[in-house]
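Visitor: First the structure, which I've put down as structure tokens, then a few questions once you've had a look.
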Amino acid sequence: RLCAKARAHKMVFDYLDAGADDEISLRRGKDAYSELEMHYHILAGLKPPIDMRTKIFGEDVKLPFFGCPTAGNRMFHWEGETAAAKAAEHHGSLYGLSSLATTGITEIGNIHNGPKVFQLYVWKDRELVKEVISKAKEGGFN
């Protein structure tokens, strides 16, 4: 966090570091994690390769986690969602694309051939919502 704060533009860092609206969920998440006690020696002694395959949303993945959809990835990296999708594809991870992405649904669908989810904002224009859903389905989003 401190490295990101030192390197990122203030607007970009503040966007990533903050939560929505009154930040209740952010505060609750931080509070919940502060109650956990980490014991890093749990995986000690395991020899690579470690098989971490599992299912997320019923889809087979090689990693038990994935990067959540975030709007405007090109604010943080020049390749934006393309870089994140390539990394997820390379590591066999699910990929999540935001409705407010800076890279198109079709482009991501062509980059990441594994399981993908789409974070949909339901706008007042229901025809636009239907069009976006259709495009996400065509792009292979689950």
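Visitor: Enumerate the calculated ³J(HN,Hα) couplings along the range 44-55 in order (Karplus 6.51 cos²θ - 1.76 cosθ + 1.60, θ = phi - 60°), each rounded to whole Hz, writing x wherever the residue is Gly or Pro.
Guide: 4, x, 6, 9, x, x, 9, 7, 10, 4, 7, 10
Visitor: Ok, one more. Farthest toward the dipole's positive end in the chain, which of 41, 6, 97, given Cβ charges of +1 (Lys, Arg) and -1 (Asp, Glu) about the Cα centre?
Guide: Checking the options against the dipole of the chain, the answer is 41.
Visitor: Right, another one. Under a Cβ-only charge scheme (Lys and Arg +1, Asp and Glu -1), can you give me the dipole magnitude of the chain about the Cα centre, in debye to the nearest 20?
Guide: On the way: 19 positive and 19 negative charges, 46 e Å.
About 220 debye.
Visitor: Still on this structure, I have one more. Compare 85, 101, 20 in a GNM of the chain, Cα atoms joined below 10 Å, and give the one with the largest fluctuation.
Guide: Result for the chain, Cα springs under 10 Å: 20 fluctuates most.
Visitor: Additional query: By what distance, in whole Å, do the Cα atoms of the range 43-119 stretch along each of the three principal axes, largest value first?
Guide: Result, largest extent first: 42, 25, 18 Å.
Visitor: Provide the packing ranking of 24-34, 88-98, 46-56, i.e. peptides ordered by the mean count of other C-beta atoms within 10 Å per residue, highest first.
Guide: Working: 24-34: 10.5, 88-98: 19.2, 46-56: 8.7.
The peptides rank, most packed first, as 88-98, 24-34, 46-56.
Visitor: Rounded, prolate or oblate, given the Cα gyration tensor of the range 20-87, with a/c below 1.5 counting as rounded? Working shown, then result.
Guide: Details: a/c = 2.02, a/b = 1.15, b/c = 1.76.
Oblate is the answer for the range 20-87, as a/c is 1.5 or above yet b/c matches or exceeds a/b.
Visitor: Which far-off residues, 5 or more places away or on another chain, put their amide H under 5 Å from the one on residue 117, with H placed in the peptide plane?
Guide: For residue 117, whose amide H was placed from the backbone, the distant partners under 5 Å are 95, 96, 97, 142.
Visitor: What are the ³J(HN,Hα) values, in whole Hz, obtained from phi via the Karplus relation 6.51 cos²θ - 1.76 cosθ + 1.60 with θ = phi - 60°, for each residue of the range 58-67 in sequence order, with x given for Gly and Pro?
Guide: x, 9, 6, 9, 8, 10, x, 8, 8, x
Visitor: While we're here: I want to check the label-to-label distance for residue 131 and residue 46. Put each point 7 Å from Cα in the C-beta direction and report it in nm to one decimal.
Guide: For residue 131 paired with residue 46, the spin-label model returns 4.6 nm.
Visitor: For the chain, report the accessible area per residue in Å² (1.4 Å probe, heavy atoms, rounded to an integer).
Guide: Computed with neighbouring chains in place, this is 75 Å² per residue.
Visitor: Taking only the alpha-carbon atoms of the range 1-56, what semi-axes of the equivalent ellipsoid follow from 5 times the gyration tensor eigenvalues under a square root, in whole Å, largest first?
Guide: Numbers: eigenvalues 191, 61, 38 Å².
They are 31, 17, 14 Å, listed from largest to smallest.
Visitor: A follow-up question, please. Principal axis extents for the chain, Cα atoms only, whole Å, descending order, please.
Guide: Extents along the principal axes, in whole Å: 52, 36, 28.
The values are calculated or read from the model by the stated rules, or taken from the named source; none is laboratory data. Predicted model, so just to flag it, every value in this text is computed and none were measured. Reconstructed Cβ throughout: ideal geometry from the backbone, glycine too, with neighbour counts over all protein chains shown. To get the accessible areas, we keep the full protein, side chains included, count just its heavy atoms, and leave off ligands, DNA and RNA. Shrake-Rupley method; radii C 1.70, N 1.55, O 1.52, S 1.80 Å.
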